[in-house]
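J.: One structure, pasted below without further comment.
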Amino acid sequence: QLQLVQSGGGLVQPGGSLRLSCSASGLFLDYYAIGWFRQAPGKEREEVSCVSRSGETNTADSVKGRFTISRDSAKNTVYLHMNSLKLEDTAVYYCAAGVHCSDSRNEYDGWGQGTQVTVSS
């Protein structure tokens, strides 16, 4: 089955930066759209960014201009670069793989284990 492995995350001060990574063994992530989702306590999981198989990207308004998704095919890795982090960015972040970018969780075939991002002073 499709299994993704995440790394990164942690504790950062407001205004700081983090980079999350999403990769897989035995799977070529270029064949998949990769989305980043986050879920804060008491809130629904929401998509924050996605890169399609063609390389097109979309980013949620709440993080646009601060978060950037990128694909490094040579490393078989997709990154989420998070800059100018705010308190409200605190959440568990997940990467997911599917055929197309979608705001629906059901459209994705596999998920990473999730990683905590905490923005706090």
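J.: Could you run through the range 1-27 and say how many residues are modelled with pLDDT under 95 and either part of a strand (DSSP E or B) or closer than 18 Å to Glu56 by Cβ (or both)?
T.: Qualifying residue count for the region: 0.
J.: Any idea which of Ala97, Ala33, Ala60, Ala91 is open to solvent by 20 Å² or more (accessible area, probe 1.4 Å) and within 12 Å of the chain's Cα centre (by Cα)?
T.: None of the other options fit; the residue is Ala60.
J.: Which of (1) small (Gly, Ala, Ser); (2) in a loop (DSSP other than H, G, I, E, B); (3) within 27 Å of Leu11 (Cα to Cα) does Gly35 not meet, given it meets every other one?
T.: (2)
The values are calculated or read from the model by the stated rules, or taken from the named source; none is laboratory data. Here the structure is a predicted model, which means the values were calculated and not measured. FYI the Cβ positions are ideal-geometry reconstructions off the backbone, even for glycines, and counts take in every protein chain you see. What goes into the accessible areas is simple: the full protein's heavy atoms, side chains included, and nothing from ligands, DNA or RNA. Shrake-Rupley method; radii C 1.70, N 1.55, O 1.52, S 1.80 Å.
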